[in-house]
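Below is one structure, written out as structure tokens; comments come after it.
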Amino acid sequence: MEKSHRQRPNPSSSSSSSSSSSTHFRSQKFRSNSTTKDGKFTKNNNPNAREDFVKPRRASQQVQQHLDDTSNLPVLLGTCPFMCPVAERVQRERLRDLAVFERLDGNPRKTSSDLAVKKFCRTISIRDMPTSDLRPLPVLEDTLDYLLSFLDSSEHPFEVVHDFIFDRTRSIRQDLSMQNIDNEKAIYMYEKMVRFHVMSFHKLRSCTNENISSVHYLNMEQLTKALTTLFNLYDANRSSESINENEAEFRSFYVLLHLGSNSQPTGESLSLWFRQVPIPIIKSKEMCFARRILRFFRMGNYKRFLLTTAAEASFLQYCIIEPYIIEVRELALSCINNGGYKLHPYPLTHLSKLLMMKESDLVSFCGACGLEMVTDEVGNKSLPTKQTTFCSPKGGSQSYGFLNLEPFER
């Protein structure tokens, strides 16, 4: 915008000025990304730094200003021994800002150090953060284990449990980021938090809350952010050609998240992403499975898609794939209905094996797709083809398991 009001500069002076500015920028960037004497990352070099505040790149002057501002940020080491700082706990008691899981004997104005968990704060500043409000790594580990223990609770609806864990795990990630914690223990913690978001991706589909779509969207947003940071942590802790024992499976989640219409969960091309993945990961059975599933889905090969999912998917991989299984089965029914011979109805027993569904579930699914079954004189059911009433199932949240295979029901 400003360029249109300037006079045309002298070429020689412009070149000299540009060269000087570029050299200064590279020098500042090198210094800002340096490491400390003990080998730890500084703020700009930390893989999980500022993950919740990523902004698009702007003009070089603003980038330079950002580097100057962040190069002098302090390295913090938390000293808070509790899951929630005392000052925050007292304030939230006064404001009655306690989650149902934090209330002492159900009292909305009373909690304890064993119940209260630090909330996520978006407007927090690292420059003004006292170390007494930051939890050290051992406290963060215990806090995370405490939070995840609520996943087995049946006392409250899952969306209530999810809302509590969702917010408090963001606060854990924030404390990890502010203290530049990027070691192996941080990797294990991020893997646990990614598992939570993946399981929520699966469980939220069965919730009937009217705002569940926004909850599902926010969960997906934090899943992709946590995955991105986890990948950076894997790279930062890699030695020679070694890979983390869970890295292949967690990298495969990124590929599986490209199923369906939302094909770029982090805005990055999948082909470009593969160039950054180590060769051992590309050749791993988890990644090969994810790539085959993606290929079968895009090709419309419903038989191979279902067979491969049932035979090879881990529980967490299945949680991501499940929403698309109903799409694949819908495609299969459409192909059979449109391509079958009208005088020869398709036997229900054969269709059950093809779609890997129980016959009772298949009858229900065909009804949801607007297709009617017929029964012969012996009592065998079949699907007449060329029906013009076929439609996509309404409220496609219902899911059906696999025939004679129940490894994913947990």
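The values are calculated or read from the model by the stated rules, or taken from the named source; none is laboratory data. What you see is a predicted model; the values in this text were computed from it and never measured. Note that we place each Cβ from the backbone using ideal geometry, even for glycine, and neighbour counts take in every protein chain shown. For accessibility, only protein heavy atoms count, side chains too; no ligands or nucleic acids. Shrake-Rupley method; radii C 1.70, N 1.55, O 1.52, S 1.80 Å.
Structure notes:
- Test: residue in the range 368-387 that is part of a helix (DSSP H, G or I) and open to solvent by less than 30 Å² (accessible area, probe 1.4 Å): no
- In the set (1) free of Cβ contacts under 8 Å to residues at least 60 places away in the same chain; (2) open to solvent by less than 60 Å² (accessible area, probe 1.4 Å), the condition left unmet by residue 201 is number (1).
- One residue alone among 88, 159, 102, 184 is buried (at least 16 other Cβ atoms within 10 Å of the Cβ), farther than 28 Å from residue 207 by Cα and without any contact (Cβ under 8 Å) to a residue 60 or more places away in the chain, and that residue is 88.
- Restricting 243, 281, 320, 325 to residues that are farther than 30 Å from residue 176 by Cβ, in contact (Cβ under 8 Å) with a residue 24 or more places away in the chain, surrounded by 14 or more Cβ atoms within 10 Å (Cβ to Cβ) and not hydroxyl-bearing (Ser, Thr, Tyr) narrows the list to 325.
- Candidates are the residues of the range 208-238 that are β-branched (Val, Ile, Thr) and under 16 Å from the mean Cα position of the chain (by Cα); the one that is surrounded by the most Cβ atoms within 10 Å (Cβ to Cβ) is 229.
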